[in-house]
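S.K.: What follows is a single structure, and I will ask about it in a moment.
The values are calculated or read from the model by the stated rules, or taken from the named source; none is laboratory data. Only a predicted model underlies this, so the values are computations on that prediction, with no experimental measurement involved. Quick reminder, even Gly has a Cβ in these numbers, built from the backbone with ideal geometry, and neighbours come from all protein chains shown.
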């Protein structure tokens, strides 16, 4: 009776021999092609990536309208929570639904916040950058602070 270990060793030896034969045939064909020479020498090989790297860093055309719509919703209706912003945006984008807008909207909110176009306060979204807190516009009431937004004087 033949042992399984002997069969495995035989298979491994045959694989190695086949690999070596293929390798030798490949190297022989390279040398044969090199000995014949080429009509024109290769001056340069230009390799380009399938997609330029900048393409992945920029928002795509498909997401630009969503970002703009989210920003417009926040400008027109400040103080909405994220889900309410998405519901309003769904009304403005034909063929969209809340499930798709949830992921797209979260990405849009993140991008707008990073660009300082919007800010969040008390889980609500407002246009513009986060207001700075300075001693001039903070009133203290014991342990609590109240942010007093400056108003334009006439």
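S.K.: Hey, can you tell me all the residues within segment 109-124 that are in contact (Cβ under 8 Å) with a residue 12 or more places away in the chain and either exposed (fewer than 11 other Cβ atoms within 10 Å of the Cβ) or assigned to a helix (DSSP H, G or I) (or both)?
M.R.: If the condition is that a residue be in contact (Cβ under 8 Å) with a residue 12 or more places away in the chain and either exposed (fewer than 11 other Cβ atoms within 10 Å of the Cβ) or assigned to a helix (DSSP H, G or I) (or both), then 109, 111, 112, 116, 123 are the ones that fit.
S.K.: I'd like to check something: does segment 49-62 contain any residue that is closer than 30 Å to residue 123 by Cβ, in contact with a helix residue (DSSP H, G or I) (Cβ under 8 Å, 6 or more places away or on another chain) and modelled with pLDDT of 60 or more?
M.R.: Taking every residue of segment 49-62 in turn, none turns out to be closer than 30 Å to residue 123 by Cβ, in contact with a helix residue (DSSP H, G or I) (Cβ under 8 Å, 6 or more places away or on another chain) and modelled with pLDDT of 60 or more.
S.K.: Which condition breaks for residue 103 when tested against (1) surrounded by fewer than 14 Cβ atoms within 10 Å (Cβ to Cβ); (2) modelled with pLDDT of 90 or more?
M.R.: It fails just one condition, (2).
S.K.: Given the conditions (1) loosely packed, with under 10 Cβ neighbours inside 10 Å; (2) modelled with pLDDT of 90 or more, which single one is not true for residue 38?
M.R.: Only one criterion is unmet by residue 38, namely (2).
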